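S.K.: First, the structure itself, so that you have it in front of you.
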Amino acid sequence: MNEIQDLVCIVKKVRVRKGWTQYKLAKESGVSREMIAKSELGKHSPTLSTLLKLLSALSLKLTITQKGD
């Protein structure tokens, strides 16, 4: 699994924990339900912009840190 899919897994876990359907997340984020479904199934890799919309809708923030050399 890559970092993008790791983030998609987190989005799905939080979505389910909140009791949100894919339709609810789509409405709140402005991302199509089809895109969310394909991403959760690993059939599509969302762009960073799309991920940020999903994270924001779920009140999550993405923090990027640099590993030491």
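Derivation of every value follows stated rules applied to the coordinates shown; laboratory data play no part. What you see is a predicted model, and the numbers here were worked out from it, not measured in a lab. No Cβ is skipped: glycine too gets one built from the backbone with ideal geometry, and neighbour counts run over all protein chains shown.
S.K.: Assuming residue 60 fulfils every condition listed in (1) aliphatic (A, V, I, L, M); (2) out of contact with any Ser or Thr (no Cβ under 6 Å at 6 or more places or on another chain); (3) assigned to a helix (DSSP H, G or I) apart from one, which condition is it?
M.R.: Only one criterion is unmet by residue 60, namely (3).
S.K.: Hey, any hits in the range 33-41 for a residue that's among the β-branched types (Val, Ile, Thr), touching a helix residue (DSSP H, G or I) at 6+ places or on another chain (Cβ under 6 Å) and assigned to a helix (DSSP H, G or I)? Steps first, please.
M.R.: Within the range 33-41, the first condition is being among the β-branched types (Val, Ile, Thr), and the residues that meet it are 36.
In the following step, the residues that additionally are touching a helix residue (DSSP H, G or I) at 6+ places or on another chain (Cβ under 6 Å) were identified as 36.
Filter again for assigned to a helix (DSSP H, G or I), leaving 36.
Checked against the condition, which is being among the β-branched types (Val, Ile, Thr), touching a helix residue (DSSP H, G or I) at 6+ places or on another chain (Cβ under 6 Å) and assigned to a helix (DSSP H, G or I), the range 33-41 yields at least one hit.
S.K.: Restricting attention to the range 39-69, report how many residues are under 15 Å from residue 5 (Cβ atoms) and over 11 Å from the mean Cα position of the chain (by Cα).
M.R.: 4
S.K.: Across the range 7-24, which residue is farthest from residue 48 (Cα to Cα) among those that are among the aliphatic types (A, V, I, L, M) and buried (at least 18 other Cβ atoms within 10 Å of the Cβ)?
M.R.: Within the range 7-24, the first condition is being among the aliphatic types (A, V, I, L, M), and the residues that meet it are 7-8, 10-11, 14, 16.
Those left that are additionally buried (at least 18 other Cβ atoms within 10 Å of the Cβ): 7-8, 11.
Values: 7: 10, 8: 11, 11: 13 Å.
Here the residue is 11.
S.K.: Find all pairs meeting these conditions: Cβ atoms under 9 angstrom apart; at least six residues apart or on different chains; first residue within the range 5-21 and more than 9 Å from residue 40 (Cβ to Cβ); second residue part of a helix (DSSP H, G or I) and of a type in the set (Lys, Arg).
M.R.: Cβ pairs passing all conditions: 18/24; 21/15; 21/33.
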